[in-house]
Structures are given as structure tokens and as C-alpha cells.
Amino acid sequence: MNKALKIVMIIFGAVLILEGLLDIIMPNQRASLIASGGSTRSAVFLMMILGATWVAAGFWVVAAGRDPLRHVNWVKFVITLPVLLSLVLILSIIRGYVGLNQVVIELALDAGFALTFLALYPWRRVSGISKK
């Protein structure tokens, strides 16, 4: 299971890096995928800032994915991030900010990664580690 966790963390980190680079390189196109009425300068700016955040997080997720048991807090991060993203997407749909058709792929990916990380979390090994 540790090997599967490593692989999924590295894939997730790579996805974050790719998303971030796309947000930085193509912010207008990325913002317009979400916004129904075109993207404003502030939306493009926020998209680029978000892109930098994704790249930074993805880089460290990949690094931690090389030894998840040693970096168990990063495993907790990769569980928390897609869970929160899923909740925000659902809330955004409920409030009418976006339609389900605009975010269905992101929602499916976030929920899928969250469930995968929960299934692969090293519950026994982490609880068995003594605190010194």
C-alpha cells in the first residue's frame, strides 16, 4: 500500500504542477472555462496567483511522495486539500456561482483523489509510531 500511496501522491503533485503552470501561462483561457461571462483582469490575476500556489504545493507533494511515511503531514495535506476543494465546489454550485457542468470534472477528480488518499492512508503505521 505504501508504494501505491507514493505513486498517487506523485501523480497528484504532478497534476497540481500542471494545473498551476496552465493557470500562469494561460490565465485568460483558464478563467474563461469557469466564468460564464468572460474573465476580468482581477479574475486573471487571481488565476495566476492560484497557479503559483498550485505549483508550489505540487512540488512539495511530489517531494513528500517519495517517502510518505516520513512525511505523514503531507499525506494529511493531500487528503485535506481535495476534500476542501470538493466542498467549495459543491457550495459554489449550491450558491449558483457556477453550474455543475462547469466544474464536474474538477469535482470528480478532487473527490476521487480524496477517497483514494483516505483508502491508502497508512492508518496502522502512523498510529504505531511512537512520539519521542
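The values are calculated or read from the model by the stated rules, or taken from the named source; none is laboratory data. None of these values were measured; they are calculated from a predicted model. Counting neighbours? That spans all protein chains shown, and the Cβs are built from the backbone with ideal geometry, glycine included.
Tabulated values for the structure
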{"read-out": "Matching option when the condition is on the phi < 0 side of the Ramachandran plot, of a type in the set (Gly, Ala, Ser), modelled with pLDDT under 95 and surrounded by 13 or more Cβ atoms within 10 Å (Cβ to Cβ), among 57, 43, 63, 52", "value": "43"}
{"read-out": "Filtered residues of segment 64-75 (kept if in contact (Cβ under 8 Å) with a residue 40 or more places away in the chain and in a helix (DSSP H, G or I))", "value": "64, 65, 72, 74, 75"}
{"read-out": "So residue 35, is it modelled with pLDDT of 95 or more, among the small types (Gly, Ala, Ser) and over 16 Å from residue 120 (Cβ atoms)", "value": "no"}
{"read-out": "Residues satisfying the stated conditions in segment 43-63, i.e. of a type outside the set (Gly, Ala, Ser) and touching a residue at least 24 places away in the same chain (Cβ under 8 Å)", "value": "47, 48, 50, 53, 54, 55, 59, 60, 61, 62"}
{"read-out": "Qualifying residue in segment 14-24 (condition: surrounded by 15 or more Cβ atoms within 10 Å (Cβ to Cβ), touching a residue at least 60 places away in the same chain (Cβ under 8 Å) and under 30 Å from residue 123 (Cβ atoms))", "value": "yes"}
{"read-out": "Residue 30, sole failed condition from (1) under 30 Å from residue 2 (Cα atoms); (2) at pLDDT below 95; (3) basic (Lys, Arg); (4) in a helix (DSSP H, G or I)", "value": "(1)"}
{"read-out": "Residues being in a helix (DSSP H, G or I) and in contact (Cβ under 8 Å) with a residue 40 or more places away in the chain - total across segment 83-115", "value": "4"}
{"read-out": "Qualifying residue in segment 82-90 (condition: among the hydroxyl-bearing types (Ser, Thr, Tyr), surrounded by 13 or more Cβ atoms within 10 Å (Cβ to Cβ) and under 11 Å from the mean Cα position of the chain (by Cα))", "value": "yes"}
{"read-out": "For residue 56: the one exception among (1) part of a loop (DSSP other than H, G, I, E, B); (2) farther than 23 Å from residue 4 by Cβ; (3) among the aliphatic types (A, V, I, L, M)", "value": "(1)"}
{"read-out": "So residue 108, is it surrounded by 13 or more Cβ atoms within 10 Å (Cβ to Cβ), of a type in the set (Gly, Ala, Ser) and closer than 22 Å to residue 15 by Cα", "value": "no"}
